[in-house]
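This report refers to the structure that appears directly beneath it.
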Amino acid sequence: MTNKSSNYVNRGEGLANTSFEYVFPAIRGIQSGREYYVSMCPLKLIPKIFLFDDEELVPELRAQRILNKARVPDIANYIVKNRDSYVFSAITASVDGELRFQAVGSEVEASRVGALHIDMRARFIINDGQHRRAAIELALRQEPTLGDETIAVVLFLDRDLERSQQMFADLNRYAIRPSRSLGLLYDHRNDLSKIAKLVALRSTAFKDVVEMEKSTLSERSRKLFTLSAIYSGNAALLEGKEFPDLERAAARCIDFWDEVAKYIPEWGQVRTSKMTAGEVRRDFLHSYAIMLQALGATGNQLLRLPGASWKQRLKSLANIDWSRSNAKLWEGRALIGGRASKSSNNVTLTTNVIKKKVGLELSPDEQRIEHAFKRGRDGSAN
């Protein structure tokens, strides 16, 4: 992209003017009978050219959502920490100002390749990609050498606010965030993701009964666990621990979960077709994400015990009534109104049950949450 001074005719006033302009190498396309343009823009120019709507405006006068500033540092860190492999999709923007496309090639009229000239007084309003734009600006402060790299930009002529708002609605109408399990399956940067996949594929406890793509299971699903639930369980199990490599970390997890499975017979009965996964999920809670996380948190403390004494402690799991119908034990802990809940308090209250059963003491924070729960339950009973 270049800047240059150019004579042009202002279509609105019909007057000759001299103005500076942006010149983008571009490809011209047609959608719904309207021209649009695809170009490449250096990252260092993104913060200078592309603007946000005024966040103080009411929603009906804006053409995009308010920037979620909490997301920006995470995206910026993703760029900086993955200099050799980060990937960004195109930014889509509307141009509110004069533009003209100058085709190149022998057949000028039919050519789709050329130069897009845009008056430098024009405004570029982002319809899709405002968080990418803000993250690029932040990443450039940390790593200025990113400035010469490029991002694809799709440009439309901005007709009015209503059209820009409709573009935002249309661009986001069918956008569906991938499930957490699918995101973990395809994530090759996150060590815990890699460990979760190894555990799901190699452990006796989970082999052949893990849904690798979806994070929720239908009543008819033949799978008993989700990859995202195993990820949460392993994260709790390994928290604060260090291993020389992923293989050893995964082996430790497999050892733990295979030992746990010995005392939860329904897991094995699904693999041997004595029970269906749907029946187990309907009647029991031990395959739910909150339970795997609570079991992992318990295992984290058990694995600090000397030798193999942790395996002896796990035998007590056989004495836990995991039934969903056991509301006296699980309501307010793993269940809220009969439905599984994964809030941090619920995870802690569920972990407390398992820790007590295997003979572990509660931490001060766990004890505080336990006392508050019992006070609330006893008070509501009076």
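Provide the gained length on full extension for the span Leu201 to Arg141, in nm with one decimal, where the gain is 0.36 nm per separating residue minus the Cα-Cα distance.
Length gained, Leu201 through Arg141: 17.4 nm.
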Straight-line reach from Lys48: which aspartates and glutamates have Cα under 20 Å away, leaving out those fewer than 8 places along the same chain? Glu21, Asp96, Glu98, Asp119, Asp128, Glu137, Glu143, Asp148, Glu149, Asp158
Cut-off 14 Å, label 7 Å out along Cα→Cβ of Tyr263, residues of the range 320-349 by amide N: 320-322
Could you work out how far apart the two model spin labels at Arg339 and Leu67 are, taking each label as a point 7 Å from the Cα in the direction of the beta carbon, and quote it in nm? 3.5
Roughly how many nanometres apart are two label points built 7 Å out from the Cα toward the Cβ at Asp84 and Asp255? 3.3
For Leu184, the accessible surface traced by a 1.4 Å probe with all protein chains present amounts, in square angstrom to the nearest 10, to 20
At Arg28 and Lys315, where each label point lies 7 Å from the Cα along Cα→Cβ, what is the point-to-point distance in nanometres? 8.2
Mean Cβ count within 10 Å, highest first, over the residues of peptides 30-40, 261-271: 261-271, 30-40
Considering only protein heavy atoms, what is the solvent-accessible area of Arg189 at a probe of 1.4 Å, reported in Å² to the nearest 10? 110
Which links in Lys328/Lys357; Lys315/Lys356; Lys311/Lys342; Lys274/Lys357; Lys207/Lys262 stretch past 18 Å when you go from one Cα to the other? Lys311/Lys342; Lys274/Lys357
Accessible area per residue, Å², the range 239-321 with all protein chains present, probe 1.4 Å: 48
Ignoring ligands, DNA and RNA, what percent of the accessible area of the range 192-313 is carbon or sulfur (1.4 Å)? 48
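The values are calculated or read from the model by the stated rules, or taken from the named source; none is laboratory data. Everything numeric in this text was worked out from a predicted model, so none of it was measured. Ideal geometry is used to build each Cβ from the backbone, glycine not excepted, and the neighbour counts take in all protein chains shown. With ligands, DNA and RNA removed, areas are computed over all heavy atoms of the protein, side chains included. Shrake-Rupley method; radii C 1.70, N 1.55, O 1.52, S 1.80 Å.
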